[in-house]
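Read the structure below first, then the notes.
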Amino acid sequence: MGLRDVLFGKKKLAGPARERLFALTTAAVTLDTELGLKTAGVGGVVFKPLSAGEFVRAENDLQQVLDAVTSESGSKLERREDSFGYTWIIVRDAQLEDQVTTVHAVAQGLEEQGFGPQLLAAVFKFDGRPTGDDQKRDNAEELELKAKLEKELPIEPDLSRWFGVFDAPL
């Protein structure tokens, strides 16, 4: 970080850290046995909508990425928009490892087609514990999950950067 970054803040966000996704598959045992969380069979990638000028080119490129990923995996993919206008590529697969691999492939394909800056997050749904019903977060539960998983998963240390993902189309 340079002096300019300290004085004026960073102008560019860090790129996606797609390789971190695979840590989720190694943490699956802890998620299941210690936390009672089992995959719900669905995950996804969310990205910012494109401007009108980018849309026509992007639509064709995005469909090519999805067709390529679908042909290589047994996962089912669908595209959805959420209530905030963000685009989701939903991955349905009973196996967490296959979900993670397919989400990674979708993110990589999007990045290779020039959509890396639009990528916002990868999200995986788990069953077995309370969820953010009525868009309420359970800070105590979040901290418990952090304490039990931080040795296996990369977890954002700055709690002010933790955000709830509500109404995701998963």
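The values are calculated or read from the model by the stated rules, or taken from the named source; none is laboratory data. Only a predicted model underlies this, so the values are computations on that prediction, with no experimental measurement involved. Quick reminder, even Gly has a Cβ in these numbers, built from the backbone with ideal geometry, and neighbours come from all protein chains shown. Calculation scope for accessible area: heavy atoms of the full protein, side chains included, ligands and nucleic acids excluded. Shrake-Rupley method; radii C 1.70, N 1.55, O 1.52, S 1.80 Å.
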Filtering trypsin sites (Lys or Arg not before Pro) in the range 138-170 by DSSP loop and by at most 13 other Cβ atoms within 10 Å leaves LYS151
Per the 1/(1 + (r/R0)^6) rule, R0 = 25 Å and r from the Cβ atoms of ALA40 and ASN60, FRET efficiency to 0.05 is 0.20
The extension gain from GLU19 to LEU153, computed as 0.36 nm times the residue separation minus the Cα-Cα distance, is 47.1 nm
With all protein chains in place and a 1.4 Å probe, TRP88 shows an accessible area in Å² (nearest 10) of 10
Stretched fully, the stretch from SER71 through VAL29 gains (0.36 nm per residue minus C-alpha distance, one decimal, in nm) 12.2 nm
Taking every alpha carbon pair in the range 24-170 and sorting the distances into 5 angstrom bins from 0 up to the bin holding the longest one, the percent per bin comes out as 2, 9, 17, 20, 20, 15, 10, 5, 2, 0
With the range 108-159 reduced to its Cα atoms and the Debye formula applied, log10 I(q)/I(0) at q = 0.16, 0.19, 0.26 1/Å amounts to -0.71, -0.88, -1.11
Cα-Cα pairs in the range 35-117 separated by more than 14 Å, as a whole percent of all pairs, come to 63
Computed Rg/Rh for the range 74-160 (Cα atoms; Rh = Kirkwood radius) stands at 0.98
